[in-house]
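Enquirer: This is the structure I have questions about; it appears just below.
Please treat every number below as a calculation from the coordinates, not as lab data. Computed from a prediction, not measured in an experiment: that's the story for all the values here. Note that each Cβ is placed from the backbone with ideal geometry, even for glycine, and that neighbours are counted across all protein chains shown.
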Amino acid sequence: MKYPSNYFQIFLLVSLGAIPGALLRFYLNDVMLVNLIGSFLIGALYGFSINDRLKFILVFGFCGSLTTFSAWIVQCVELILQGAFYAVILLIFKMFFLGFLSALAGNQIVKRLFN
């Protein structure tokens, strides 16, 4: 990926995508759902040949603010504090496995439809 030489331009591009991504995350208010949607979209976007500026807006900005690693970790910590160790293991497995499958599905759907 080619980075723009102007860091202010990067800031603006990422911000342009981050605002709607954060608003959608707030509206959906479901950690698993936003992470799976974001993973699918990132996989789909990498199936296209899009320019770097669009990647800053859509991948880093929109998908980056839509998805949430920290809220997922807090869910895991809360389960550990409740003594629900098996639930933590299941949550970690589900998030990684389903996130991977979502990204792969997004990528393959785009490649089959548009290539």
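Enquirer: Hey, does region 75-97 have a residue that's within 20 Å of ILE109 (Cα to Cα) and crowded, with 20+ Cβ neighbours inside 10 Å?
Expert: no
Enquirer: Another question, then. Checking the condition more than 12 Å from the chain's Cα centre (by Cα), among the charged types (D, E, K, R) and closer than 18 Å to GLY99 by Cβ, which residue from ASP52, ASP30 passes?
Expert: ASP30
Enquirer: Let me ask something additional. Being over 8 Å from the mean Cα position of the chain (by Cα) and of a type in the set (S, T, N, Q) is the filter here, so list the residues in region 56-81 that pass it.
Expert: Within region 56-81, SER70, GLN75 meet the criteria.
Enquirer: Looking only at region 75-95, count how many residues are under 23 Å from PHE40 (Cβ atoms) and either among the hydrophobic types (A, V, I, L, M, F, W, C) or without any contact (Cβ under 8 Å) to a residue 24 or more places away in the chain (or both).
Expert: Qualifying residue count for the region: 6.
Enquirer: Of all residues in region 26-59, how many are more than 17 Å from LYS111 (Cα to Cα) and among the small types (Gly, Ala, Ser)?
Expert: 1
Enquirer: Now a separate question. Report yes if LEU13 is touching a Lys or Arg at 6+ places or on another chain (Cβ under 7 Å) and of a type outside the set (Val, Ile, Thr), otherwise no.
Expert: Answer is yes for this residue.
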